[in-house]
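Beneath this line is the structure, given in structure tokens, with notes to follow.
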Amino acid sequence: MTAPLLSVKDLRVEFATRRGPLTALDGVSFDLAPGEILGVVGESGAGKSLTGLAIIGLLDPPGRIAGGEIRLAGERIDNLPPEAMRKIRGRRIGMIFQDPLTSLNPLLRIGDQLVETILTHTSLTQRQARERALALLTEVGIPAPEKRIDGYPHEFSGGMRQRVVIALALCAEPALVIADEPTTALDVSVQAQIIAVLKRLAREHHAAVILITHDMGVIAETADRVAVMYAGRIAEIGRVDEVVRDPLHPYAKGLMAAIPTLEGRAARLAQIPGAMPRLSAIPPGCAFNPRCPNVFDRCRIERPPPLAIGTRRAACWLYDRGEVASPAKEAVS
Amino acid sequence: MIAFIIRRLFASIGVLIAVGLIAFVLFRYIGDPVNQMVGIETPESERVALRQQLGLNDPAPVQALRFLANAARLDFGISYQFKQPVSELIGARMPATLELAFVASIMSLVAGIPMGVYTALHRRSALAKLFEALSLVGISLPTFLIGILLIYLFAVTLGWLPSFGRGDVVHIGSWWTTGLLTKSGLKSIIMPAITLALFQMTLIMRLVRAEMLEVLRADYIRFARARGLSERKVHFRHALKNTLVPVITVVGLQLGSIVAFSIITETVFSWPGMGQLFLQSVQNVDIPIMAAYLLFIAFLFVIINLVVDLLYAAVDPRLRVAIHGA
């Protein structure tokens, strides 16, 4: 296996509040190989977006990284000074946000936004940067880019804007792209196109992708591996085909059962009873224990660490065979 | 764009006609113009003759039309107290007021915008807290008090600046006079301009601060950061520009108010502008001046609003579509 591009270990994110710190992410660990696509799924508030923001160093105060470490190509990046971190953003880690309608500055031409980003990260001249901007727009599939480059964001449709956003995130050929629900705000008919563009570009530019979404369909089609998050922790992480076909963690099982299929049209969709706990009221032991169909005593007292099962890891006592997997020798497919 | 301006000009004419009719009502029905013009001993026969001569016996619509037609030619009649054409009186004093308002607006913008940006970006710094404390003073102290304090400090105690008047003025063209080209004129405008600018500056500072804080939370700011742009670019290229639309609105309307209501400042500093003229005309029930002043202020606001709309389009491309399509 090649050295991981990104290595997150025991990441813990806290929000300082008047009633003491709230832990929003706890013990999040995963590795990402170069060029790999990792899907991150979970309910709203499970910590998917926070994981992305923590990696790129854009947590809004009072949120902060309270523990663990993040390494990019072996180098620690979670404790860099702001200016050093800024140089990594855009150049080595790109990020795409949920809503393309609000991600672009409405007052600046898209060409100017592309050129300023290119100029920030390269030593190209103004003219060369514009050439590159045109090439990028062609790459993301914007028709007649030489006509559209001087347009303003409001002159583009939602799908076209998200293409521009992808072009902006890929300006400086980052080795890692974090896509935070890149299709949620788009029409269903456009979603597949955008995912296809993202996937093709990541492959062509050899970029690894963290694809955050709550759409299991997108993950199943796109990702190599998937991490299922629950209440700020990773419940299960492993190869997509395995996790989708045969989930181990009871929460992942519930999630997969809730995917509608054509065959099961007549039957009622499976639901997981209850709701995810608020950050201030995460129960002791396993965070999922109040909703878990397989709960037993140990789950209510002891918090399960990620346990290695084949190439996968699941944080569930059902799979405890006496040995506890250390995060250091985690499995990367 | 041209179509938009023409349409707006037609709308403006409508506004001005409406204000003109109000001015006419003021002119015709508040007090008796004849009584204002003649002495106590004037015999009734002369009064009747004057009434006929002024056309005051004509039907009201005819009089109104005549008033509007004259106003369109900038003929507002003769001032009761000065016995001079009103347009000449106002014309002679307009440069002083407009110059003062202009200098005060520039001052408030040049100081207010950077202070607003600074307090938004460095919310916890001591300097930002000082600015905010000062802005509270600026917004709550009445204008006349600031003017008097300034006079006491810089004119009476230190003797650096003149306490009243406009200094030496230079004529430009046939009727415009300016004090900005002479040393005494420049020295004279400092204190009145600061007095007038202080409130505007605090207003602009607080507005820019609030807008900046709002814009800095926007998605495109986070995306700009995620692209690794420098903080300076994020703040000044991406954020500040997005705060400008509301700032333009307020500054435009405030410029109108500065011109229209600089009366107190002009009185404190004996500034020979329109405010003083207006005050005198109120004291002496000099209706022609009041009517003309009313129309002038309406005209000013109409022009400012037009300019503000055009500036919107210059700043925000989304509004350009609305204007082009109009």
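The values are calculated or read from the model by the stated rules, or taken from the named source; none is laboratory data. As the structure is a prediction and not an experimental result, all values here were calculated from the model. Here the Cβ positions follow ideal geometry from the backbone for every residue, glycine too, while neighbour counts run over all protein chains shown. Side chains are part of the model used for accessible areas, which takes the heavy atoms of the whole protein and leaves out ligands, DNA and RNA. Shrake-Rupley method; radii C 1.70, N 1.55, O 1.52, S 1.80 Å.
Couple of notes before you dig in:
- Net length gained if the chain between B:Val170 and B:Arg51 were fully extended (0.36 nm per residue, minus Cα distance): 38.6 nm
- Cα Rg, Dmax, chain A, angstrom units: 20.6, 67
- Sorting B:Val169, A:Val164 by solvent-accessible area of protein heavy atoms yields B:Val169, A:Val164, largest first, with a 1.4 Å probe.
- Two-site FRET efficiency, B:Glu41 against B:Leu279, from Cβ-Cβ distance with R₀ of 25 Å, rounded to 0.05: 0.25
- For region A:105-151 versus region B:94-119, the gap between their alpha-carbon centres in whole angstrom: 37 Å
- Gap separating the Cα centres of region A:1-59 and region B:254-308, nearest whole Å: 63 Å
- Average partner coverage of B:227-237, which counts Cβ from other chains inside 10 Å: 6
- The separation of region A:168-198 from region B:150-218, counted between C-alpha centres, amounts to 53 Å.
- Note on B:Lys183: aspartates and glutamates with a C-alpha under 14 Å away, same-chain residues under 8 apart excluded, are B:Asp168.
- The packing ranking of peptides A:221-229, A:44-52, highest mean first, is A:221-229, A:44-52, where packing means the average number of other beta carbon atoms within 10 angstrom of each residue.
- Degrees separating the helix B:183-216 axis from the principal Cα axis of chain B, which is the longest one: 50 degrees
- Taking label positions 7 Å along the Cα-Cβ direction at both A:Thr122 and A:Ser44, the computed distance is 3.9 nm, reported to one decimal.
- Förster-model FRET efficiency, 35 Å R0, A:Ile301 and A:Ala3, C-beta, rounded to 0.05: 0.40
- Taking only protein heavy atoms and a 1.4 Å probe, the accessible area of region B:101-285 is 69% carbon and sulfur.
- Sequence-distant residues sharing a close amide H with A:Leu6 (under 5 Å, placed H): A:Leu32, A:Ala73
- Here is the interface size for A with B: some 2300 Å² of accessible area buried, both sides summed, with a 1.4 Å probe.
- Most fluctuating residue given options B:Leu295, B:Leu65, B:Leu229, as computed from a GNM of chain B linking Cα atoms under 10 Å: B:Leu229
- Taking Cα atoms only, the orientation of helix B:60-72 departs from the longest principal axis of chain B by about 50 degrees.
- Heavy-atom accessible area ranking, 1.4 Å probe, most first, across B:Ser125, B:Ser79: B:Ser125, B:Ser79
- The simple spin-label model puts a point 7 Å past each Cα toward its Cβ; for B:Ala60 and A:Ala257 those points are separated by 8.3 nm.
- Counting, for every residue in B:213-222, the Cβ atoms of other protein chains within 10 Å of its Cβ and taking the mean gives 4.
- Here the peptides B:205-213, B:135-143 are ranked by packing, the mean other Cβ count within 10 Å, and the order with the highest first is B:205-213, B:135-143.
- Global form of the protein assembly as shown, assessed from the alpha-carbon gyration tensor, a/c cut-off 1.5: prolate
- In the assembled protein chains, B:Ser257 presents an accessible area of approximately 40 Å² (probe radius 1.4 Å).
- As a rough guide to protection, the peptides A:18-26, B:154-162 ranked by mean Cβ packing within 10 Å, highest first, stand as A:18-26, B:154-162.
- In the frame of its principal axes, region B:101-285 has Cα extents of 63, 39, 35 Å, reported largest first.
- With Cα atoms, 0 to 90° folded angle of helix B:274-283 axis to chain B main axis: 40 degrees
- Across peptide A:98-107, the mean count of Cβ atoms from other chains lying within 10 Å of each residue's own Cβ comes to 6.
- Largest GNM mean-square fluctuation across A:Gln128, A:Gln162, A:Gln113, computed for chain A with C-alpha springs under 10 Å, falls on A:Gln128.
- Using heavy atoms of the protein chains and a probe of 1.4 Å, the accessible area assigned to B:Leu244 is about 50 Å².
- 18 Å Cα-Cα reach of A:Lys253 towards lysines, excluding residues that sit fewer than 8 places from it in its own chain: none
- Violating pairs (Cα-Cα greater than 30 angstrom) within the set B:Lys187/B:Lys241; A:Lys9/B:Lys233; A:Lys87/A:Lys199; A:Lys199/B:Lys241; A:Lys147/A:Lys199; A:Lys147/B:Lys241: B:Lys187/B:Lys241; A:Lys9/B:Lys233; A:Lys199/B:Lys241
- Accessible area (Å², 1.4 Å probe, nearest 10) - B:Ser188: 10 Å²
- Judged by the ratio a/c of the largest to the smallest principal axis of the C-alpha gyration tensor, chain B counts as oblate, that ratio being 1.5 or greater while a/b is no larger than b/c.
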